[in-house]
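A short write-up of the structure that comes next.
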Amino acid sequence: MKLYTFPPAPNPKRLDIFIAEKGIEIETITVDLMAGEHRKAPYLSINPWGTVPALVLDDGTLMTEVIGMLYYLEELYPEVPLLGSDTVSRAQILSWDHRCFFEGFSSVAEVLRNSSEAFVDRALPGPISYAQIPDLVERGRKRIHGFYHVLDKHLEGKPFMVGDTFTVADIAAYVFVNFSGWVKETIPDDCQYLLAWYQKVSERPSVKS
Ligand SMILES: N[C@@H](CCC(=O)N[C@@H](CS)C(=O)NCC(=O)O)C(=O)O
């Protein structure tokens, strides 16, 4: 299989941390988003959505969603379970991954993509052109802070997002907080549980690398 990716970007980072935690190796091709390589040939013939990461299996199957790739790789490499070891924990991990993506990542993207000159007429990822809506920037910042507090409340008295071990839910929450730094937001001082958890997760070799 081949992984098309751009390591500095948040969705590729979710996958990179997962792969590092598993200790697996996947052939990787860098698609330079800064140079616009994702919006032209040959990449568009590999992934017509023009997003990264993309995983192409040996039989040609294309995967474009990180959560699908994580699910696939977890089945292939079950050691170091990162998607839970029973039905309930797996459901909770997937639920938190979804919330981090839907509420966390999208709030940061709302700020970034509606304010930065780099995203003029590209306010949403993918091949369709969408105009920026500057009024969404303030709302996005409010949503980021709302989600910091959701995570802080959830993490009170817990070592990790779900259960006693590091999972995909921690990866998603970590990448959200990290991504929020792109729009110069940081965890507020009144989120002590989130701050302590973030500090701890930042020390993991998979995250540091
Ligand atoms: N739904 C996709 C999202 C992928 C995505 O939005 N990737 C961003 C980088 S983090 C991208 O490719 N952006 C390209 C663009 O902005 O045009 C997933 O789960 O991986």
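The values are calculated or read from the model by the stated rules, or taken from the named source; none is laboratory data. Just so it is clear, the model here is predicted, and its values are computed rather than measured. In this analysis, Cβ positions are derived from the backbone assuming ideal geometry, glycine residues included, and neighbour counts consider all displayed protein chains. The protein model used for the area step is the full one, side chains on, heavy atoms only, and it has no ligands, DNA or RNA in it. Shrake-Rupley method; radii C 1.70, N 1.55, O 1.52, S 1.80 Å.
Results for (1) surrounded by 18 or more Cβ atoms within 10 Å (Cβ to Cβ); (2) at pLDDT 95 or above; (3) among the aromatic types (Phe, Trp, Tyr), shown as yes or no for each residue.
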residue	(1), (2), (3)
130	no, yes, yes
140	yes, yes, no
161	yes, yes, no
171	yes, yes, no
175	yes, yes, no
181	no, yes, no
189	no, yes, no
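Quick one: would you say residue 145 is closer than 14 Å to residue 172 by Cβ and at pLDDT 95 or above?
When the stated conditions are applied, residue 145 does not pass them.
Do we have residue 90 as open to solvent by 30 Å² or more (accessible area, probe 1.4 Å), under 19 Å from residue 179 (Cβ atoms) and more than 12 Å from the ligand (Cβ to nearest atom) here?
no
Residue under question is residue 165, and the condition is that it be within 16 Å of residue 97 (Cα to Cα) and open to solvent by 10 Å² or more (accessible area, probe 1.4 Å); does it hold?
The answer is yes for residue 165.
Tally up the residues in segment 50-68 that are crowded, with 16+ Cβ neighbours inside 10 Å, within 8 Å of the ligand (Cβ to nearest atom) and not polar (S, T, N, Q), please.
Result for segment 50-68: 5.
Of the numbered conditions (1) surrounded by 11 or more Cβ atoms within 10 Å (Cβ to Cβ); (2) away from the ligand (no atom under 15 Å from the Cβ); (3) under 21 Å from residue 204 (Cα atoms), residue 79 fails exactly one; give the number of that condition.
It fails just one condition, (1).
Could you list, in sequence order, all residues of segment 199-208 that are open to solvent by 50 Å² or more (accessible area, probe 1.4 Å) and either under 16 Å from the mean Cα position of the chain (by Cα) or among the β-branched types (Val, Ile, Thr) (or both)?
Correct list: 208 only.
Read through the list (1) out of contact with any helix residue (DSSP H, G or I) (no Cβ under 9 Å at 6 or more places or on another chain); (2) surrounded by fewer than 12 Cβ atoms within 10 Å (Cβ to Cβ), then give the number of the only condition that residue 34 fails.
(1)
Can you go through 151, 124 and tell me which one is out of contact with any Asp or Glu (no Cβ under 7 Å at 6 or more places or on another chain), closer than 24 Å to residue 97 by Cβ and surrounded by 23 or more Cβ atoms within 10 Å (Cβ to Cβ)?
151
Check segment 25-34 and report whether any residue there is away from the ligand (no atom under 12 Å from the Cβ), out of contact with any Lys or Arg (no Cβ under 8 Å at 6 or more places or on another chain) and outside the structural domain of residue 172 (by TED's automatic domain parsing).
yes
Consider residue 119 carefully, then state whether it is open to solvent by 20 Å² or more (accessible area, probe 1.4 Å), of a type in the set (Phe, Trp, Tyr) and out of contact with any strand residue (DSSP E or B) (no Cβ under 9 Å at 6 or more places or on another chain).
Taking the combined requirement at face value, the residue satisfies it.
Taking residue 101 and the conditions (1) farther than 14 Å from residue 183 by Cα; (2) over 15 Å from the mean Cα position of the chain (by Cα); (3) touching a residue at least 12 places away in the same chain (Cβ under 8 Å); (4) within 13 Å of the ligand (Cβ to nearest atom), which numbered condition does it fall short on, given that it satisfies the others?
Against the list (1) farther than 14 Å from residue 183 by Cα; (2) over 15 Å from the mean Cα position of the chain (by Cα); (3) touching a residue at least 12 places away in the same chain (Cβ under 8 Å); (4) within 13 Å of the ligand (Cβ to nearest atom), residue 101 comes up short only on (2).
For residue 110, only one of the following conditions fails: (1) at pLDDT below 95; (2) touching a Gly at 6+ places or on another chain (Cβ under 7 Å). What is its number?
It fails just one condition, (1).
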